[in-house]
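Comments concern the structure below.
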Amino acid sequence: PAQDEARIDEIKRLLELHNAVLVAHYYTDDAIQQLAEETGGCVADSLEMARFGARHEADTLVVAGVRFMGETAKILSPEKRVLMPTLEATCSLDIGCPADEFSAFCDQHPDRTVVVYANTSAAVKARADWVVTSSIAVDVIEHLQARGEKILWAPDKHLGGYIQQKTGADMLLWDGACIVHEEFKAKGIEDLKALYPEAAVLVHPESPAAVVELADVAGSTSQLIKAAKELPHDKLIVATDRGIFFKMQQMVPEKTLFEAPTAGNGATCKSCAHCPWMAMNALDNLAGALREGSGEIFVDDALRHAALKPLERMLNFQK
Ligand code: CIZ
Ligand code: SF4
């Protein structure tokens, strides 16, 4: 629409004016992902967003995603101004893991190495030995296991359970979940698979174990996009936020992508398989943040230093 065009032009002008770069997650709206691509920004998972933002020479990072992604950017680049379209965009994993309760839990298990998922507040990261994203979680846990370490994992119990099963590591799990991935149904996928037996199933391991069991490939968003390209299959059933279809379809224009069902009867719905917090990012509030300098992320200095250590461990980790 013409209104969107005007907004897009305004954002492009403001990005230049402020020497700013747009860093967008795969789960944001197509228009935002496209804009990030067109303006020399990046569209990525949370690990690559963090790497890209830290390396880029821009003065301002505009992070389209959820709160922890903006915080991570600020922790890694304190000298940069970090803006988000909205500060209201949180995550059920972050909400489900309050720093004080988490810290008490860690205190009860001093013999365990604390590994937290990137989808957490700066305060929770500050209590951790390691931060990981789903892209490198398995590799890091294997590394710690080889050193004989016992793990305390938070917050996603499905991802934690998946890693535990895959590595055999001794992991104590926090009881958190992603409200988007938790809704995928094994029965719905089996029914779809009956219709298209030649289709491959791609699953993000924040999904329940019964769903991950049906996967031909389980992995992070970037790993699933890579698998979509490499697998010989022409049809793919995909269990992760449907925001990923923008990039995935771009990579495999010739393949047919199916949204994994969020209901047992094979149905999908408009508001399912899409993160309500990611969806808060829009062209309007993105333009507003750049125009008014609103949605700026600040992280207290002591907290920043404490959270930086486990984050740097992740960024410096080589398999
Ligand atoms: O579900 C999320 O928020 C994901 C997959 C984040 C990420 O690591 O890119
Ligand atoms: Fe959090 Fe799930 Fe949304 Fe990702 S998709 S930001 S894990 S609620």
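Since every read-out is calculated from the coordinates, none of them should be taken as a lab result. Small disclaimer: the values here were computed from a predicted structure and weren't measured. Here the Cβ is made from the backbone with ideal geometry for all residues, glycine too, and neighbour counts use every protein chain on show.
Taken over the C-alpha atoms, the stretch 173-319 has Rg and Dmax values of 18.4, 55 angstrom. For the stretch 68-78, putting each phi into the Karplus relation 6.51 cos²θ - 1.76 cosθ + 1.60 with θ = phi - 60° gives couplings of 4, 6, x, 4, 4, 4, 5, 5, 7, 9, x Hz, in residue order, rounded to whole numbers and with x for Gly and Pro.
When the inverse distances between all different Cα atoms of the stretch 73-123 are averaged and flipped, the Kirkwood radius reads 13.1 angstrom. Note that the stretch 178-193 has calculated 3J(HN,Hα) couplings of 8, 5, 7, 5, 5, 7, 5, 10, 4, 4, x, 5, 4, 5, 5, 5 Hz, one per residue in order, obtained from phi through the Karplus relation 6.51 cos²θ - 1.76 cosθ + 1.60 (θ = phi - 60°); glycine and proline are x.
Using a Förster distance of 22 angstrom, determine the FRET efficiency expected from the C-beta separation of TYR196 and LYS166, and round it to 0.05. Calculated value: 0.25.
Ordering of 27-33, 66-72, 278-284, 288-294 by packing is 66-72, 27-33, 278-284, 288-294, highest average first (other Cβ atoms within 10 Å, averaged per residue). Within the P(r) computed for the stretch 84-182, what percentage of the Cα pairs occupies the region above 21 Å? For the stretch 84-182, the share of Cα pairs beyond 21 Å comes to 28 percent.
Taking a straight Cα-Cα cut-off under 21 Å and skipping sequence neighbours fewer than 8 places away in the same chain, the lysines within cross-link reach of LYS125 are LYS74, LYS80, LYS150, LYS157, LYS309.
Packing, taken as the mean count of other beta carbons within 10 Å per residue, orders the peptides 235-247, 151-163 from highest to lowest as 151-163, 235-247.
Charge dipole (Cα centre; +1 on Lys/Arg Cβ, -1 on Asp/Glu Cβ; no other charges) of the stretch 1-89 amounts to roughly 380 debye.
Charge dipole of the stretch 30-73 (Cα centre as origin; +1 on each Lys and Arg Cβ, -1 on each Asp and Glu Cβ, all else neutral): 180 debye, rounded to the nearest 20. Ordering of 134-142, 196-204, 41-49 by packing is 41-49, 134-142, 196-204, highest average first (other Cβ atoms within 10 Å, averaged per residue).
Once the mean 1/r over all distinct Cα pairs of the chain is inverted, what Kirkwood radius in angstroms do you read off?
About 20.0 Å for the chain.
When the charge dipole of the chain is built from unit charges on Cβ atoms (+1 for Lys and Arg, -1 for Asp and Glu) and taken about the Cα centre, the candidate among SER294, ALA199, PRO85 whose Cα reaches farthest toward its positive end is ALA199. Remark on ASP156: its backbone amide H falls under 5 Å from those of TYR117, a criterion applied only to residues 5 or more positions apart or on other chains, H modelled at 1.01 Å from N. For LYS166, a cut-off of 20 angstrom between C-alpha atoms picks up these aspartates and glutamates, skipping any fewer than 8 places away in its own chain: ASP139, GLU142, GLU149, ASP156, ASP175, GLU182, GLU206, GLU213, ASP216.
About the Cα centre of the stretch 65-185, what is the dipole size in debye to 20, counting +1 per Lys and Arg Cβ and -1 per Asp and Glu Cβ, all else neutral?
Values: 12 positive and 17 negative charges, 63 e Å.
So the dipole magnitude of the stretch 65-185 works out to roughly 300 debye.
Between ALA263 and GLU16, what FRET efficiency follows from the Cβ-Cβ distance if R0 is 41 Å, with the result rounded to 0.05? The value I calculate is 0.35. Every helix of 4 or more DSSP H residues in the chain counts as -39500 (n - 2.57), and over all residues that averages to -13000 deg cm²/dmol at 222 nm.
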